[in-house]
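Asks: Mind looking over this structure? Questions follow.
The values are calculated or read from the model by the stated rules, or taken from the named source; none is laboratory data. Values in this document were obtained by computation on a predicted structure and should not be read as measured data. Heads up, the Cβs are rebuilt from the backbone with ideal geometry, glycines too, and the neighbour counts pull from every protein chain shown.
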Amino acid sequence: MIEYFFSQYATYSTLDITLEIVAVIFGLLSVWYAKKDNILVFPTGLVSTSIYVYLLWKWVLWGDMMINGYYFIMSIYGWYHWTRKKGDVVEFPISVISRAEKRMSLIIFIFTVTFVVLVYHYFDKFTTWYAYVDTFLTGIFFVGMWLMAKRKIENWLYWIIGDIISIPLYFSKGFTFTSFQYLIFTIVAIYGYLEWKKNLNNSQIKEI
């Protein structure tokens with residue numbers, strides 16, 4: 001069983017394996033803090049994504065690398081966005097996506113998928129089945145991260161869909177630790193949605 005899940009690591013350097021484990025740990029911390037609506041979601045996410053950008057560049061997985069590079073940038077934006085206040089009141093609390101944001105989400109998704117397809121065609125990366133899944137998955141995660149940075153509860157729905165797809169995807173790519181990470185991500189994302197929903201309902205009751 002162990003050989004089945006981890007045999008691919010036989011050709012990896014100790015440094016790369018260690019970095020992947022560290023990235024997984026900080027990635028899990030980031031999702032946990034996101035679930036708790038804690039701003040530490042962003043600094044922990046920055047550590048995880050910066051490591052993954054390096055590893056994925058080294059492993060020539062451009063789509064995944066772009067996702068993590070985007071996460072890194074949006075984590076900086078989200079960190080700033082979440083700290084904005086009017087006096088002692090948080091300026092952008094948990095909220096529901098607006099019509100304009102729905103349209104923007106669609107635009108981000110279409111633009112992202114189109115861009116990744118062009119990049120994959122340029123580098124001739126459509127050689128495996130998961131390259132096609134990558135294009136769709138990148139669009140989902142780009143929208144999810146944008147909505148999280150804006151503190152929209154719907155971000156969790158995108159994370160749940162993307163995480164479920166990522167479990168078998170990363171395992172097939174040979175990254176077992178990362179695959180397990182996405183399994184845990186899925187569970188935490190479900191609880192994250194429920195917890196944010198509870199907080200949102202409580203805040204709406206207080207406003208009445």
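Asks: When you scan region 156-166, do you find a residue that is of a type in the set (Asp, Glu) and assigned to a helix (DSSP H, G or I), even just one? It would help to see each step written out before you state the result.
Replies: Of all residues in region 156-166, those of a type in the set (Asp, Glu) come to 163.
Those still in the list that are assigned to a helix (DSSP H, G or I) too: 163.
Yes.
Asks: Follow-up question, since we're still on this one. Could you check region 139-182 and list, in sequence order, the residues that are among the hydroxyl-bearing types (Ser, Thr, Tyr) and modelled with pLDDT of 90 or more?
Replies: Tyr158, Ser166, Ser179, Tyr182
Asks: Run down Gly192, Gly139 and say which single residue is free of Cβ contacts under 8 Å to residues at least 60 places away in the same chain, buried (at least 21 other Cβ atoms within 10 Å of the Cβ) and in a helix (DSSP H, G or I). Can you show your working first?
Replies: Values: Gly192 fails: free of Cβ contacts under 8 Å to residues at least 60 places away in the same chain.
The unique qualifying residue is Gly139.
Asks: Please go through region 165-191 and pick out each residue that is of a type in the set (Phe, Trp, Tyr), out of contact with any Asp or Glu (no Cβ under 9 Å at 6 or more places or on another chain) and farther than 19 Å from Tyr130 by Cα. Before the answer, list the steps.
Replies: Initially, region 165-191 is screened for residues of a type in the set (Phe, Trp, Tyr), giving 170-171, 175, 177, 180, 182, 185, 191.
Those left that are additionally out of contact with any Asp or Glu (no Cβ under 9 Å at 6 or more places or on another chain): 171, 180, 191.
Once the filter is applied, which keeps residues that are of a type in the set (Phe, Trp, Tyr), out of contact with any Asp or Glu (no Cβ under 9 Å at 6 or more places or on another chain) and farther than 19 Å from Tyr130 by Cα, region 165-191 yields only Tyr191.
Asks: Checking the conditions here, which among Ile67, Ile107 is in contact (Cβ under 8 Å) with a residue 60 or more places away in the chain, part of a helix (DSSP H, G or I) and of a type outside the set (Asp, Glu)?
Replies: Exactly one residue qualifies, and that residue is Ile67.
Asks: Right, something else. Do you know which of the residues in region 76-103 that are in contact (Cβ under 8 Å) with a residue 40 or more places away in the chain and in a helix (DSSP H, G or I) is surrounded by the most Cβ atoms within 10 Å (Cβ to Cβ)?
Replies: Gly78
Asks: List pairs: first in region 24-40 and more than 18 Å from Ser179 (Cβ to Cβ), second of a type in the set (D, E, K, R) and assigned to a helix (DSSP H, G or I), Cβ under 6 Å, 6+ apart or cross-chain?
Replies: Within 6 Å, the pairs are Lys35/Glu195.
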